[in-house]
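See below for the structure under consideration.
No value in this document is a laboratory result; all are computed from the given coordinates. Owing to the predicted nature of the structure, the values given are computational and were not obtained by experimental measurement. Here Cβ is always computed from backbone atoms with ideal geometry, including for glycine, and neighbour counts include all displayed protein chains.
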């Protein structure tokens with residue numbers, strides 16, 4: 001890892017030229033998810049975030065719903081795409097004395113190849129190509145900063161999903177931020193089932209950076225400057241949403257999430273996001289953060305739960321967009337608040353758009369827009 005936040009001008013020009021040749025590449029083949037969707041996998045996800053929506057857990061209820069069976073929360077689309085702790089070649093080593101070593105090396109922290117997934121000749125791999133080029137130039141840390149998920153239908157238990165390989169939509173930089181200097185990348189993928197029917201698509205925006213010099217040496221996490229929590233709306237157990245009564249400006253009942261190390265680590269584990277910045281304090285600090293922090297899927301699972309707690313099990317999420325800001329560390333409550341921004345009457349349902357804010361003591365952690373359908377009845 002580079003101990004500086006700048007690269008030489010000549011290298012920077014050469015790097016920019018190389019990165020721009022990647023734009024538009026990828027997306028020309030489909031890769032199967034490692035596992036099929038199972039009730040057990042869904043249960044682990046929803047238990048971590050406390051989501052009690054019966055379409056995820058009650059088989060009888062789910063069969064009678066519009067989905068026709070158990071389904072995962074919408075953000076799970078991102079989780080089934082990830083590989084989890086699949087063995088990487090760099091995990092196994094023999095030292096100069098011939099002694100064997102094993103280190104659990106999370107993929108894709110170093111862009112290493114999987115033991116059971118040899119590289120395909122003459123095929124572009126956006127993740128490894130971009131990560132490799134930037135790491136060589138000293139930009140070796142990564143932060144998720146936003147994205148968009150669109151759903152054609154919820155996948156069901158038994159579905160095996162296929163993901164297009166990532167296509168590089170855009171790359172911009174170098175740009176300076178509080179984390180350091182780096183490049184903003186946007187990758188796009190679409191998802192289908194085994195029969196080739198569309199499930200949805202998503203785009204992921206990341207910042208790949210060289211940590212600022214002040215963040216390069218591991219230090220204890222700094223005590224955050226405390227901020228006042230936002231105004232919170234109480235939850236009423238008797239409150240039931242009627243689609244026809246939803247109005248622009250209506251506020252959702254607030255949710256305060258007591259963020260613990262268990263929530264962060266379990267949320268990352270059961271979302272298959274095993275990047276070390278979500279469970280390893282020393283390496284997270286080395287990469288420019290104060291501590292390990294909540295992964296994107298963990299945040300989105302909480303946002304999805306927050307909105308469907310209010311909208312009810314008949315709600316169908318069509319789209320989630322998000323922008324991420326202040327990292328969500330442990331022992332720092334996350335305050336979720338929401339407001340209806342748009343209501344559209346359709347033939348047999350209402351299309352409702354909700355703006356969700358997730359704040360912690362450091363500021364705005366997540367700014368999300370959730371678009372869903374509610375039946376007329």
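Subtracting the Cα-Cα distance of residue 242 and residue 351 from 0.36 nm times their residue separation leaves 38.0 nm of extension gain. Shown for 353, 177, 186, 308: other C-beta atoms within 10 Å of each C-beta, ranked fewest to most, produce the order 177, 353, 186, 308.
Remark: 314, 176 ranked as 176, 314, counting other beta-carbon atoms within 10 Å and listing the fewest first. In plain terms, the residue of 295, 368 with the fewest other Cβ atoms within 10 Å comes first and the most crowded comes last, giving 368, 295.
Here the simple spin-label model places points 7 Å from the Cα toward Cβ, and for residue 258 and residue 367 these points are separated by 3.1 nm. Considering only C-alpha atoms, what is the centroid distance from segment 146-196 to segment 10-85, in Å? Distance between centres, Cα-based: 10 Å. Computed over the alpha carbons of segment 9-375, Rg followed by Dmax gives 21.1, 73 Å.
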